[in-house]
Amino acid sequence: MTCLALVLLASAGCDERAPPAPPPPRPDAGPDTGPARDAGEVVVCTRDGDCDDGVCRSYADLRPSDRAAISLSCGAPETGRSPVGAGCLRQDECDRHLCAFAGTCVQPCAGHEDCATGELCRAVWVATGPNAMQSLDACTAQFALPGDVTVEGPTPGPELGEMAVLDELEALAPNALVAWWVAEPDQHVHINSIATRDTPAVRLFSGLPSSHSAATLLWGIGPNTLGELTAIRFPNGPMTPPSTTGYTVGLTSEMTSPSERVVLRRTETGTTFDIDAYLLGGRAWESPDGSMPEAMAEAMTGANALLATVGLSIGDVRVHDARGFLRARYSIVESRFSDDLREIFRLSAGATRPSVHVFFVRFIDGALGVSAGIVGAQGMPGTGASGVAIGADPIPDEMMPSVIVHEIGHFLGLFHTSEANALVFEPLTDTPECRRDRDVNGDGAVDSTECAGAGANNVMFWSGTGTEISEQQGALMRSAYVTR
Ligand SMILES: [Zn+2]
């Protein structure tokens, strides 16, 4: 987990972003046939297997009840509406009247066995009225990756617990992202150590789960995560040791728990990443029609200008408007270590397209922004590590582009150029370092003034005061597992 503790700065720019698309026209459909009835009674369901007649679905004309589980009953899919898996903005666009908050028409389930291969049965929210969102368990894609990414797994990993256990990885060259997770949603997975499988082994990383997320001099490893999933990226700089024998990774979690692991590989790079932006109260932004609020559009334009310096751009920005209970529940995050954050990141469940999920809340106590990890769960929506959160209310307009790029940078694998203690630096060779001798006021921390000309201008400076992105930072972002 990492965060942006304080920021000063500004940036601006302009681009030729097209105006947001208008909402799709309402399909020319006949009247809904209504719920299937059995001896005059509506047949209640939680999954298609409960229905002898039709599928398990909702009906838009049911009275909205904010926060309640959504009512499901058997019936024919409404003709002329979008099928399961299609993108959606509103409930009545889907033939089951179930449009998940992440913007996909979904199918109810009672367990993973009700879902297709590659899907998990997870909680999602559906907007059912102007001030109402209601929940259900639905089949959701486990991966949303660019087409050239290969997925090895998920495979069973070691049983984790308080004592570190070792997992063996094959060689990761030329490029890989490895993630481990546990099924228990309130657990965290931590990386405790990494060594090569040579004889003798070469120790590459040794971290304490409680320590601040920190890079090593060779291979940047973020040992901590906010969620039940943690990940590493190979390589994440020119110094990452390319072992041909593979690696041994030490892992822990708070309680005994089986784990799973996936290895993603890709050799392509991209120039564009899409954003799914979730409005959870920040700046009082609302978007009933899916268009970007004006100030957000300006922030994205500014962020685009920063990214353009390294050949990157933000593609589609899909806006998801929270309302009712959900908006109130998560608008204020009382700690940057709060479990609220991983619950927020799980709202990305249902997404099917590669993107970065950015959640705009009002405040995060102690931070302007937080990334779920370094790296985050790239291309794996719906986990507690699947996004970044921005505490938007205290961030001035001119600072917002830097904060957005900084947190997305973490999610895509970038560490702070220099941590506040001036003792920890990331493993890139083309970013400036601000060392302890710059701590002129002797307070044990280096700030943006003390680091002027030594990294304070970089967008990944720990206090987020910068706007510059180095070529190596750009290369890591371009080769992330969400770019196209
Ligand atoms: Zn940061």
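Considered as a group, the residues in region 427-455 that are within 14 Å of the ligand (Cβ to nearest atom) and touching a strand residue (DSSP E or B) at 6+ places or on another chain (Cβ under 9 Å) include one that is nearest to G222 (Cα to Cα), and that residue is T431. Remark: H416 matches the filter, which requires a residue to be of a type outside the set (V, I, T) and outside any helix (DSSP H, G or I). Criterion applied to L172, L208, L177 was being at pLDDT 95 or above and not in a strand (DSSP E or B), and the one residue passing it is L172.
Considering T128, T140, T199, the condition of being surrounded by fewer than 22 Cβ atoms within 10 Å (Cβ to Cβ) and β-branched (V, I, T) is satisfied by T199 alone. Note on region 357-378: among residues that are surrounded by fewer than 24 Cβ atoms within 10 Å (Cβ to Cβ) and not in a strand (DSSP E or B), the one that is modelled with the highest pLDDT is R362.
The values are calculated or read from the model by the stated rules, or taken from the named source; none is laboratory data. Note that the structure is a prediction, hence the values are computed from the model and not measured. Using ideal geometry, Cβ is built from the backbone for each residue, glycine included, and neighbour counts are taken over all protein chains shown.
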